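Derivation of every value follows stated rules applied to the coordinates shown; laboratory data play no part. Just so it is clear, the model here is predicted, and its values are computed rather than measured. Note that we place each Cβ from the backbone using ideal geometry, even for glycine, and neighbour counts take in every protein chain shown.
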Amino acid sequence: MIQPLLLRLLIVFCVALSPTVVMALDAGVSFAVYRTQDGKPYVEVNLEIAAGSVMYRHIDSVLMQASVDVLILVKDGEKVVNFEKYTLQSPLVPVPEALLDVKRMAIPPGNYTLEVSVQDVQDATNTDQFSSPLSAVLDGKIALSEVQLLRGFKPDNSDSPFSKNGFYLEPLPFNFYDRSATLLAFYAEVYQADKSIADAKYQVRYVIEKDAGNGQRVLISAGIQEKNRSAMDAVLVQMDISKLESGNYALTVELRTMSNELLGARVCTFQRSNPYLGIHQIGLTDAELQHQFVQGLDEKALVYSLKAISPMMLGDQSDELKELIKTADPKQMRYFLFRYFAEQNPNKPEEAYYQYIAVANAANNKFKSGFRYGFETDRGRTFLRFGQADDVVHVEDEPGAPPYEIWIYYKFPKTGQNNVKFLFYNPSLAGDDFIILHSTARGEIKNPKWERELYKRNSREYTDDNYQDATTVQRNNGRNARVYFEDF
């Protein structure tokens, strides 16, 4: 099973300019035993050196580099079966970054011990070690390799040491997914299914369970793939972990027959950090806020951003936001803004903010009014809340009516309704400030007398003899609003 050297939070990123600021060498090691096309075993060892734990030396005034000596031993008792000894160097970089490497070593079938030792070239006292049992037993039955956790993968046919079976696989030796991670990916290989099962197909099942303590686990998510039996097959899967709260987890991968008989299984553990999930229920310290994107926004940008999200506020939140803008407390404004976008995307609140502000800027430009921001108008608010309409009917010269627009959503995102329409009009004829008059969307403004209001310049041309109850007007003189509303 792939085992991380240390299951803990990654060390704080620091710029190591001298031995006094270097922390203990922090090496993450994971491994898996695979087989070649002709069935011979080999071990793949993935190594990561945390950036802040190794000494970086300046090469010039801008660039720096780190180096570690690496010794990998595969041992049968005290006998060394295979080994790799080399110096791993980082690229030339302006700031420290983690060192990543992968080595593949042929081994005979059998049971061994894997030992990995690393030493900072710049500081011989800065070392780390790893040791684990390693099994490469071939018994002729269907077999599942160890499960390799990945940061991610992408199609790639290069000769990179990280490429395999047409994909670039970025390993995750520390088995730790930080708050920016939204997907868990893993890779494994299945051998000898063609000789071990009678069915034409078999299943690969995978589940994520949370460690609840006292040996108990809680099922979080699961998935399944069907595979055709073959001599060798690769399993490459990604699972959504954006809503996975902080904690310790286990990933179990099973091979099963189509009738659900268990053929084999592997388990690997990982840690997840998701500190802003459910942020409305937890506190956020001043120190944490200092490192967030909101810290770089001045008061003007804060007010603009808060007004931009006002269309998304409902009930008490809307009142809270109005009061916050009125009091103009930068600290509280930053907290409110960060909390909102952390709720939208706990993994990448900064990315969620900039994506939203880009849309808000577009709404401001498109629906700009001389009285307020474009996203504060009724059309701007509707645009931000529900997106761009599929079709728009714009009318400026209809007899007896002020300029008006009808927005049509073929599939309304909020309620799932079909052919939802919004009617905006400009009764004051001032600027371009259209206001909403009527909508067919559930939960939005409904005005059964909207046609009467739109054509109120001709106050006697109603289709109902009862002036008080009339809702529609005569369709003479080119009045087309109801045609657009009902027939479009």
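Details
- A full extension of the chain between N418 and T285 corresponds to an added length of 43.4 nm, given 0.36 nm per residue minus the alpha carbon distance.
- Estimated from helical segments only, the mean residue ellipticity of the chain at 222 nm is -5000 deg cm²/dmol, where each DSSP H run of four or more residues counts as -39500 (n - 2.57).
- In a DSSP loop and with at most 16 other Cβ atoms within 10 Å, the GluC sites (Glu not before Pro) in the stretch 324-402 are E396.
- Neighbour counts of C-beta atoms inside 10 Å place L114, L169 in the sequence L114, L169, starting with the fewest.
- For the stretch 179-248, applying the loop criterion from DSSP together with a ceiling of 15 other beta carbons within 10 Å to the GluC sites (Glu not before Pro) yields E245.
- Sorted fewest first by neighbouring Cβ atoms within 10 angstrom, I435, I309 come out as I435, I309.
- Net charge of the neighbourhood of M333, taken over other residues with C-beta under 13 Å away and scored Lys/Arg +1, Asp/Glu -1, is +2.
- Annotation: the stretch 279-358 has a Kirkwood hydrodynamic radius of 12.7 angstrom, from the mean reciprocal C-alpha pair distance.
- The spacing between the stretch 281-320 and the stretch 118-169, judged by their C-alpha centroids, is 43 Å.
- Reducing the stretch 219-239 and the stretch 386-431 to their Cα centroids gives an inter-centroid distance of 48 Å.
- Straight-distance crosslink candidates among lysines, where the alpha carbon sits under 25 Å from K103 and sequence neighbours closer than 8 are dropped: K40, K75, K79, K85, K154, K164
- Note on the chain: the alpha carbon radius of gyration divided by the globular reference 2.2 N^0.38 Å gives 1.35.
- Those chymotrypsin sites (Phe, Trp or Tyr not before Pro) in the stretch 308-376 that DSSP places in a loop and that have at most 14 other beta carbons within 10 Å: F371
- Fully extended contour minus Cα-Cα distance, from K300 to V483, at 0.36 nm per residue: 61.4 nm
- Degrees, to the nearest 10: 299-309 long Cα axis against longest axis of the chain: 80 degrees
- Projected label distance in nm at K85 and S242, using a 7 Å step from Cα toward the beta-carbon: 5.0 nm
- Burial ordering of H438, H291, H58, fewest other beta-carbon atoms within 10 Å first: H291, H58, H438
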